[in-house]
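Scroll down for the structure; my scribbles are underneath it.
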Amino acid sequence: MTESSKLAVVIAAGGTAGHVRPALAIAEALRERGASVTFAGSPDRAESQLVPDAGFELDTFAISGLPRRPSLALARALWQAVKAPFACRAILRRRRPDVVLGGGGYVAGPMVLAARLSGIPAALTEADAHLGLANRLAAPFASKLFLAYEIPGHAGSKVEVVGRPIPIAHLGADRDEARARFGLGSDEPVVAVFGGLAGATTLNEMAVSAWAEDGPTVLHVSGERDYAALAPRVRRPGYVLMAQTDRFGDVLAAADVAVSRAGGTVWELAAAGTPSILVPYPHATADHQTLNARHFERGGGAIVVPNAEVEMVPALVEELLADRGRLAAMRGAMLAMARVDAADRIAEGVIALVRR
């Protein structure tokens, strides 16, 4: 383990839980190595709750995504983008970090630029199979780029493919204990359904329409947005519906097959060895969820179903649950693709930047 007791790190990550949770996993790995870690991000997005809840300090500044069409919102976002590097330099002067990590979202770009202008080494992480706009703009100012997937056009000594960091709490759950926690039998077939922190309405409707009254045992994490409308429609004890859970690792361990979107959660599915039916969100930037999903389909651990064909999912679930050999092969394929050491590798790489 690398000793870095005097190392100070600022991580800029935000916008969505998909950016913040991997960054928190890296922060934990850095803290295990003796580093002092603080975060920077927006005052009104996912990081404003998730970061303090995880026990890290958060410095905030105003930044937002750029609307695609000319509008007052675009003018406001551009003005925020101009001011953001100055706000980030003020944070850096106050925190005096040895190194900066851009962990995804629009907050990362101005912080990495501010680090470059301040003579502080910086790195970036990309959790999807497509380099987002913020990272494309920030990459020239970073000394290291950590990718979850190989991305065409991005290679060389500056680039390292490491997978996506996974929260420690989501790793290593025991199947029988997980099932007992949710009141499920040890031998019954279980399908898990989920779609990110907010949930996925298409998947929520598909699951409740197909299985609310009959079918396999279902473990369904719907997200807060749709929960109140879904709950009255579930009419049997074999359908466990939750708005959220802080035991997501147990959800993955309990499932024989999962139905999910294809954001960063795919790496958690792989780490758990959960055979998956992935329904990419059709409006993701550059269709990156389809790119993510195809990676795991090519490896044999997942089946990709387009959002427009979601009605195929119940029959696919039935087919998979009836074929234990195929499930076992998919489970092995997911485990083979897992990169459970991603947070550790990024932490070590960040520390190495200081020692150049």
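The table for this structure:
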{"read-out": "Under 26 Å from LYS6, Cα to Cα: lysines that are on another chain or at least 8 residues apart", "value": "LYS144, LYS158"}
{"read-out": "Prolate/oblate/rounded label for region 240-304 (Cα gyration tensor, a/c 1.5)", "value": "oblate"}
{"read-out": "Rounded tilt (10° steps) of 201-211 against the dominant C-alpha axis of the chain", "value": "20"}
{"read-out": "Region 298-356, accessible surface, carbon-and-sulfur percent (1.4 angstrom probe)", "value": "55"}
{"read-out": "Most to least accessible of ARG96, ARG89, ARG76 (protein chains only, probe 1.4 Å)", "value": "ARG96, ARG76, ARG89"}
{"read-out": "Amide proton proximity set for ALA200, modelled H, under 5 Å, gap of 5+", "value": "GLY195"}
{"read-out": "DSSP-loop trypsin sites (Lys or Arg not before Pro) across region 214-257, with at most 12 other Cβ within 10 angstrom", "value": "ARG235"}
{"read-out": "Angle in degrees between helix 72-95 and the longest Cα principal axis of the chain, rounded to the nearest 10", "value": "70"}
{"read-out": "Residues with amide H under 5 Å from that of ALA192, placed H, sequence gap 5 or more", "value": "LEU219, ASP256, VAL257, ALA258, VAL259"}
{"read-out": "In range of the label at SER118: residues from region 16-57 whose backbone nitrogen is under 17 Å from the point 7 Å along Cα→Cβ", "value": "36-42, 57"}
{"read-out": "Angle between the chain longest axis and helix 342-354 axis [Cα atoms, degrees, rounded to 10]", "value": "0"}
{"read-out": "The chain - mean residue ellipticity at 222 nm from DSSP helices (-39,500 (n - 2.57) per run, n ≥ 4, rounded to 500)", "value": "-12500 deg cm²/dmol"}
{"read-out": "Per residue, in Å², the accessible surface of region 73-185 once ligands and nucleic acids are set aside, probe 1.4 Å", "value": "46"}
{"read-out": "Distance between region 277-350 and region 163-238 - C-alpha centres, whole angstrom", "value": "17"}
{"read-out": "Electrostatic dipole magnitude of region 268-330 [Cβ: Lys, Arg +1; Asp, Glu -1; Cα centre; debye, to 20]", "value": "240"}
{"read-out": "Label-point gap, in nm, between ARG233 and HIS283 - each point 7 angstrom along Cα→Cβ", "value": "1.9"}
{"read-out": "Long-range amide H partners of TYR281 with built H, under 5 Å", "value": "ALA262"}
{"read-out": "Percent accessible area from carbon and sulfur atoms, region 157-291, protein chains only, probe 1.4 Å", "value": "50"}
{"read-out": "Per residue accessible area in Å² of region 247-298, where ligands, DNA and RNA are left out and the probe is 1.4 Å", "value": "28"}
{"read-out": "Solvent accessible area, Å² - ILE166, 1.4 Å probe, full protein context", "value": "10"}
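The values are calculated or read from the model by the stated rules, or taken from the named source; none is laboratory data. Computed from a prediction, not measured in an experiment: that's the story for all the values here. No Cβ is skipped: glycine too gets one built from the backbone with ideal geometry, and neighbour counts run over all protein chains shown. These area figures cover heavy atoms from the full protein model, side chains too; ligands, DNA and RNA do not enter into them. Shrake-Rupley method; radii C 1.70, N 1.55, O 1.52, S 1.80 Å.
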